[in-house]
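Student: There's a structure below that I have some questions on.
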Amino acid sequence: MSLPPALLQRLAQRGLVQKSKSKEPDAPLAVPVENEEVIAEDYDEMDTDEQRAGVHEEYQYPPLYDTDTGSKRVEENFWLERMKERMGEANSTTGHRGCPNKYNIWHKCTLFCVNRWGDGKTEPSREYMRRYKRLRRKYPLPKGWAERYDPGCASYYFYSIAENLVSWLPPTHPKSQVTKSAAVFRRQLEEAAGGEGGGGSDGEQHADDRDDAQETEL
């Protein structure tokens, strides 16, 4: 155990202790400092390596060019078919059954109509049904005519499959306006403008018109 420096100096002046002992450095103190520095350097290197590895695993650079065009086409066709299924009809002239604007011949339903109107009004109001039943009792339908509910307009309409005609009021009503359906007029407009379906035969055209008369639009 070493003596205090002041005591060593007094003893050295009296000649009891050699002067070299008073100036001896405390060598063991340097050893833990070196160990601490080495350990600190090791930790720094380990942290740097872990950070680089983490950045490499988390972030992945996107490819410069997407050459997988085949998968894109398949995905586009998939969403097109899904849209047609949600529209309820593969033919664009038919319109979405829940859209209240499909009776307009200048309106063409899109996916917006499907998302905006959904299934429409699946059931009419009680007040409407009360007036509708009274109308049916007063003006019965002639032979070959039938009724059908339109969820988009929340009302019934009447159609003739044989003659391919429709009407909002019973044909026997004095104010009824019997005409073709809006789907038929839209198809004729597309054919006149060079749209799809213009090259079919007369038999095919008549069959398509009859199918349109059976749909829920006017």
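Student: Out of the residues in region 98-125 that are in a loop (DSSP other than H, G, I, E, B) and either charged (D, E, K, R) or at pLDDT 95 or above (or both), state the one that is surrounded by the fewest Cβ atoms within 10 Å (Cβ to Cβ). So that I can check it myself, show each step before the final result.
Tutor: Initial filter on region 98-125 (in a loop (DSSP other than H, G, I, E, B)): 98-110, 118-125.
Still in the list and also either charged (D, E, K, R) or at pLDDT 95 or above (or both): 102, 108, 119, 121, 123.
Values: 102: 28, 108: 15, 119: 12, 121: 18, 123: 10.
Residue satisfying both the conditions and the ranking: 123.
Student: Assess whether residue 97 counts as being out of contact with any Lys or Arg (no Cβ under 8 Å at 6 or more places or on another chain), of a type in the set (D, E, K, R), under 13 Å from residue 183 (Cβ atoms) and touching a residue at least 24 places away in the same chain (Cβ under 8 Å).
Tutor: On the way: out of contact with any Lys or Arg (no Cβ under 8 Å at 6 or more places or on another chain): yes; of a type in the set (D, E, K, R): yes; under 13 Å from residue 183 (Cβ atoms): yes; touching a residue at least 24 places away in the same chain (Cβ under 8 Å): yes.
Here the answer is yes, as residue 97 does meet what is asked.
The values are calculated or read from the model by the stated rules, or taken from the named source; none is laboratory data. Since this is a predicted model, take the numbers as computed values, not measurements. FYI the Cβ positions are ideal-geometry reconstructions off the backbone, even for glycines, and counts take in every protein chain you see.
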